[in-house]
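This report refers to the structure that appears directly beneath it.
The values are calculated or read from the model by the stated rules, or taken from the named source; none is laboratory data. Just so it is clear, the structure is predicted and the values come from calculations on it, not from any experiment. Heads up, the Cβs are rebuilt from the backbone with ideal geometry, glycines too, and the neighbour counts pull from every protein chain shown. Keep in mind that these areas ignore ligands, DNA and RNA; they rest on the heavy atoms of the full protein, side chains included. Shrake-Rupley method; radii C 1.70, N 1.55, O 1.52, S 1.80 Å.
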Amino acid sequence: MSNDRDKLNDLKLALSPGDTPARPFRTSTIRKVRDVDVREGLKVAVASRMGDQPHLLVPEVSIRWSVPARADALLVGNRICGFEIKSDIDSLTRLPRQVEAYGQVVERAYLVVGERHRAKATTLVPEWWHIWVASWREERVVVRETRRGRLNPAVSPLAVTSFLSREQLVIELSRLGEKHLSSLTVDDLRVMLVGLLGAAGTMKVARARMLDRTDWQRRSMAV
């Protein structure tokens, strides 16, 4: 007992009047959400919302328009929707550029984010973006909507045609009675299609032809 009392007195002397002993370091028990976890949760959430509606959920789709980028997932159904995933271990550095890339080519945009980046990421996307938060629930990641967005006010039908192949553009234009298309550039074909169909007609055709893409059908994550 005497030795224990001496040790306690030594500790008190070593501390200045305003000091308190340091608390033991505790390792955080919060389980981080990874990209692969978010994608699994996203598949389930999309399947639940889409039901029996025809749709594709295609991972890693290149955006080749004014700002080249890659959509983490593209949902094609009655609307064209882009999903940007930011897991707990991702950085937000590229998000502003990605927001710009999505701006003309999707009808709806969704930020699917882990709790770690939720507050900051929310300030980096426009108000028309939807926000879904991914978090662990027992042994699986669930995705829930925390902010409902709206239709993109600046989607460009011409930009959306960049998701169509040259062959698809030629087929559509041929159906409309156009001839001598082989000498035209793909940009000429896009402009011609929009000019003939108008904005609404172009979007309708684009959705249908995107659903027809066999390469996307093979890659689709749709459940």
The stretch 74-138 - percent of accessible surface contributed by carbon and sulfur, probe 1.4 Å: 45
If you take the alpha carbon radius of gyration of the stretch 50-182 and divide it by 2.2 N^0.38 Å, what ratio comes out, to two decimals? 1.19
Residue-normalised accessible area of the chain, expressed per residue, 1.4 Å probe, Å²: 59
Kindly provide the helix-only [θ] at 222 nm of the chain, computed as the sum of -39,500 (n - 2.57) over DSSP H runs of four or more divided by all residues, to the nearest 500 deg cm²/dmol? -12000 deg cm²/dmol
Coarse-grained scattering of the stretch 32-125 at q = 0.14, 0.15, 0.20 Å⁻¹, given as base-10 log I(q)/I(0) from a Debye sum over alpha-carbon atoms: -0.49, -0.57, -1.00
Once the cut-off is 12 Å, how many percent of the Cα-Cα pairs in the stretch 33-84 end up in the long-distance tail? 66
In square nanometres, what is one fourth of the surface area of the convex hull spanned by the alpha carbons of the stretch 131-186? 7.0
The Kirkwood hydrodynamic radius of the chain, taken as the inverse of the mean 1/r over all distinct Cα pairs, in Å, comes to 20.4
Per the Cα gyration tensor, the stretch 147-223 corresponds to an equivalent ellipsoid with semi-axes, largest first in Å, of 24, 17, 10
The stretch 33-109-the stretch 164-220 distance, computed between alpha-carbon centres (Å): 23
Using 7 Å Cα-to-Cβ label points, what is the His180/Asp35 separation (nm, one decimal)? 4.8
Using a 1.4 angstrom probe with every protein chain in place, what is the largest-first accessible-area order of Trp128, Trp65? Trp65, Trp128
